[in-house]
1. Pairs of lysines 8 or more apart, or on different chains, with alpha carbons under 23 Å: count those in the chain, would you?
2. Considering only protein heavy atoms, what per residue accessible area in square angstrom results for the chain with a 1.4 angstrom probe?
3. Excluding ligands and nucleic acids, what accessible area in Å² is computed for Leu2 using a 1.4 Å probe, to the nearest 10?
4. State log₁₀ I(q)/I(0) for the chain at q = 0.10, 0.13, 0.21 Å⁻¹ as given by the Debye formula over alpha-carbon point scatterers of equal weight, solvent excluded.
5. Which whole-Hz couplings ³J(HN,Hα) result when phi for each residue of the range 70-77 is put into the Karplus expression 6.51 cos²θ - 1.76 cosθ + 1.60, θ = phi - 60°, listed in order with x for Gly and Pro?
6. Can you pull the one-decimal nm distance between simple spin-label points at Glu44 and Ala122, each 7 Å off the Cα toward Cβ?
7. Amide H neighbours of Ala34 under 5 Å, counting only residues 5+ apart in sequence or on other chains, H built in-plane at 1.01 Å?
8. Averaging sequence separations of C-alpha pairs under 8 Å and six or more residues apart, then dividing by the length of the chain, give the relative contact order as a whole percent.
Amino acid sequence: MLERTYVMVKPDGVQRNLVGEIITRFERKGYRIAGLKMLRITPEMAEKHYAEHVGKSFYPGLVEYITSGPVVAMVLEGKDVVAGARKMMGATNPAEAGPGTIRGDFGLDIGRNVIHGADSVASAQREMAIYFTEAELLQYEKAVEAWLYE
Ligand code: UDP
Ligand code: MG
(Lines give C-alpha, C1' and ligand atoms only; values in the text may rest on other atoms or scores of the structure.)
(Ligands and ions follow the chains in the order given, each with its own letter.)
Protein backbone atom coordinates (compact mmCIF):
# COMPACT_ATOMS: atom_id res chain seq x y z
CA MET A 1 0.00 0.00 0.00
CA LEU A 2 1.33 3.41 -0.94
CA GLU A 3 1.34 5.38 2.30
CA ARG A 4 2.62 8.57 3.86
CA THR A 5 4.22 8.76 7.27
CA TYR A 6 5.45 11.44 9.62
CA VAL A 7 9.07 11.22 10.80
CA MET A 8 11.08 13.70 12.86
CA VAL A 9 14.74 13.99 13.83
CA LYS A 10 14.53 14.99 17.49
CA PRO A 11 16.65 17.77 19.06
CA ASP A 12 19.42 15.35 20.08
CA GLY A 13 19.66 14.08 16.50
CA VAL A 14 20.07 17.64 15.22
CA GLN A 15 22.66 18.51 17.88
CA ARG A 16 24.59 15.33 17.14
CA ASN A 17 24.79 16.05 13.40
CA LEU A 18 22.70 13.04 12.45
CA VAL A 19 20.23 14.84 10.16
CA GLY A 20 22.03 13.97 6.93
CA GLU A 21 22.72 10.38 7.98
CA ILE A 22 19.08 9.79 8.88
CA ILE A 23 17.64 11.37 5.73
CA THR A 24 20.16 9.42 3.67
CA ARG A 25 18.96 6.13 5.15
CA PHE A 26 15.35 6.84 4.17
CA GLU A 27 16.33 8.10 0.72
CA ARG A 28 18.45 5.03 0.03
CA LYS A 29 15.64 2.74 1.12
CA GLY A 30 13.55 4.25 -1.67
CA TYR A 31 11.11 6.44 0.22
CA ARG A 32 10.21 9.74 -1.41
CA ILE A 33 10.40 12.93 0.65
CA ALA A 34 7.07 14.73 0.28
CA GLY A 35 7.74 17.46 2.86
CA LEU A 36 10.73 18.64 4.87
CA LYS A 37 11.29 21.48 7.33
CA MET A 38 13.25 22.55 10.38
CA LEU A 39 11.34 24.07 13.30
CA ARG A 40 11.34 24.55 17.03
CA ILE A 41 8.40 22.74 18.66
CA THR A 42 6.37 24.88 21.07
CA PRO A 43 4.98 23.41 24.32
CA GLU A 44 1.49 23.63 22.73
CA MET A 45 2.58 21.60 19.71
CA ALA A 46 4.30 19.09 21.98
CA GLU A 47 1.10 18.58 23.93
CA LYS A 48 -0.80 17.99 20.71
CA HIS A 49 1.79 15.63 19.32
CA TYR A 50 2.16 13.60 22.50
CA ALA A 51 -1.50 13.81 23.67
CA GLU A 52 -1.55 10.04 24.34
CA HIS A 53 1.27 10.43 26.88
CA VAL A 54 -0.11 13.39 28.91
CA GLY A 55 -0.08 12.44 32.60
CA LYS A 56 2.56 9.71 32.32
CA SER A 57 5.66 9.94 34.50
CA PHE A 58 7.98 10.62 31.56
CA TYR A 59 5.72 13.27 29.99
CA PRO A 60 7.25 16.45 31.55
CA GLY A 61 10.76 15.32 30.62
CA LEU A 62 9.56 14.41 27.12
CA VAL A 63 8.13 17.91 26.54
CA GLU A 64 11.30 19.52 27.87
CA TYR A 65 13.40 17.35 25.54
CA ILE A 66 11.31 17.75 22.40
CA THR A 67 11.11 21.57 22.81
CA SER A 68 14.80 21.95 23.74
CA GLY A 69 16.05 22.76 20.22
CA PRO A 70 15.23 22.55 16.54
CA VAL A 71 13.86 19.37 15.02
CA VAL A 72 13.73 18.26 11.39
CA ALA A 73 10.22 17.23 10.38
CA MET A 74 9.48 15.20 7.29
CA VAL A 75 6.77 13.35 5.47
CA LEU A 76 7.89 10.22 3.66
CA GLU A 77 5.97 8.32 1.00
CA GLY A 78 6.30 4.78 -0.22
CA LYS A 79 5.03 1.24 -0.09
CA ASP A 80 4.13 0.36 3.52
CA VAL A 81 6.24 3.29 4.73
CA VAL A 82 4.54 3.59 8.14
CA ALA A 83 5.72 0.19 9.37
CA GLY A 84 8.88 0.32 7.25
CA ALA A 85 10.14 3.58 8.74
CA ARG A 86 9.36 2.32 12.27
CA LYS A 87 11.41 -0.82 11.56
CA MET A 88 14.31 1.31 10.37
CA MET A 89 14.08 3.38 13.60
CA GLY A 90 14.10 0.36 15.93
CA ALA A 91 12.59 -0.07 19.38
CA THR A 92 11.69 2.97 21.49
CA ASN A 93 14.45 2.14 23.96
CA PRO A 94 17.79 2.25 22.10
CA ALA A 95 19.07 -0.42 24.49
CA GLU A 96 16.55 -2.78 22.90
CA ALA A 97 16.85 -1.50 19.34
CA GLY A 98 18.77 -3.83 17.05
CA PRO A 99 22.02 -2.94 15.37
CA GLY A 100 21.38 -1.48 11.94
CA THR A 101 18.42 0.52 13.21
CA ILE A 102 18.68 4.26 13.76
CA ARG A 103 18.06 4.09 17.50
CA GLY A 104 20.21 0.96 17.81
CA ASP A 105 23.11 2.56 15.99
CA PHE A 106 22.95 6.08 17.45
CA GLY A 107 21.16 5.99 20.82
CA LEU A 108 21.80 4.94 24.40
CA ASP A 109 18.90 6.26 26.46
CA ILE A 110 15.11 6.02 26.02
CA GLY A 111 14.81 9.75 26.73
CA ARG A 112 17.33 10.58 23.97
CA ASN A 113 16.27 8.26 21.19
CA VAL A 114 17.11 10.53 18.24
CA ILE A 115 14.04 10.04 16.07
CA HIS A 116 10.26 9.92 16.05
CA GLY A 117 8.04 8.03 13.63
CA ALA A 118 4.26 7.68 13.47
CA ASP A 119 3.03 4.27 14.65
CA SER A 120 0.01 3.86 12.35
CA VAL A 121 -1.60 5.34 9.27
CA ALA A 122 -4.05 7.20 11.52
CA SER A 123 -1.25 8.60 13.72
CA ALA A 124 0.64 9.63 10.60
CA GLN A 125 -2.37 11.61 9.34
CA ARG A 126 -2.86 13.27 12.71
CA GLU A 127 0.81 14.17 13.15
CA MET A 128 1.31 15.43 9.58
CA ALA A 129 -1.51 17.89 10.15
CA ILE A 130 0.30 19.32 13.20
CA TYR A 131 3.47 20.08 11.24
CA PHE A 132 2.52 20.55 7.59
CA THR A 133 -0.18 22.15 5.50
CA GLU A 134 -1.39 20.12 2.53
CA ALA A 135 0.28 22.67 0.21
CA GLU A 136 3.66 21.92 1.82
CA LEU A 137 3.43 18.26 0.81
CA LEU A 138 4.65 17.91 -2.74
CA GLN A 139 3.31 15.45 -5.23
CA TYR A 140 5.87 14.42 -7.80
CA GLU A 141 7.42 11.38 -9.38
CA LYS A 142 11.02 10.29 -9.58
CA ALA A 143 12.41 8.42 -12.56
CA VAL A 144 13.96 5.84 -10.23
CA GLU A 145 10.52 4.59 -9.17
CA ALA A 146 10.45 2.14 -12.10
CA TRP A 147 13.46 0.51 -10.40
CA LEU A 148 11.87 0.49 -6.96
CA TYR A 149 8.44 -0.91 -7.75
CA GLU A 150 7.57 -3.80 -10.05
N1 UDP B 1 9.72 8.14 26.35
C2 UDP B 1 10.53 8.32 27.45
N3 UDP B 1 10.45 7.40 28.47
C4 UDP B 1 9.62 6.32 28.42
C5 UDP B 1 8.80 6.16 27.30
C6 UDP B 1 8.87 7.08 26.28
O7 UDP B 1 11.29 9.26 27.53
O8 UDP B 1 9.60 5.53 29.36
C9 UDP B 1 9.79 9.13 25.26
C10 UDP B 1 10.66 8.68 24.09
O11 UDP B 1 11.28 9.85 23.55
C12 UDP B 1 9.65 8.12 23.11
C13 UDP B 1 8.48 9.07 23.33
O14 UDP B 1 8.48 9.33 24.73
O15 UDP B 1 10.15 8.12 21.79
C16 UDP B 1 7.14 8.53 22.91
O17 UDP B 1 6.92 7.27 23.51
P18 UDP B 1 6.29 6.07 22.69
O19 UDP B 1 6.01 4.97 23.64
O20 UDP B 1 5.16 6.58 21.86
O21 UDP B 1 7.51 5.59 21.77
P22 UDP B 1 7.80 5.77 20.20
O23 UDP B 1 6.48 5.73 19.49
O24 UDP B 1 8.52 7.08 20.02
O25 UDP B 1 8.68 4.61 19.84
MG1 MG C 1 4.67 6.63 19.86
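The values are calculated or read from the model by the stated rules, or taken from the named source; none is laboratory data. This structure is a prediction, so every number in the text was calculated from the model and none was measured. Cβ sites come from the backbone with ideal geometry, for glycine too, and all protein chains shown count toward neighbours. Accessible surface is based on the protein model in full, side chains and every heavy atom, while ligands, DNA and RNA are left aside. Shrake-Rupley method; radii C 1.70, N 1.55, O 1.52, S 1.80 Å.
1. 16
2. About 55 Å² of surface per residue is accessible.
3. 120
4. Results for the chain at q = 0.10, 0.13, 0.21 Å⁻¹ read -0.33, -0.56, -1.51.
5. x, 10, 10, 9, 8, 10, 10, 10
6. Taking the two extended label points, one gets 2.6 nm.
7. Here Val75, Leu76, Glu77 satisfy the definition.
8. Once divided by the residue count of the chain, the mean separation gives 34 percent.
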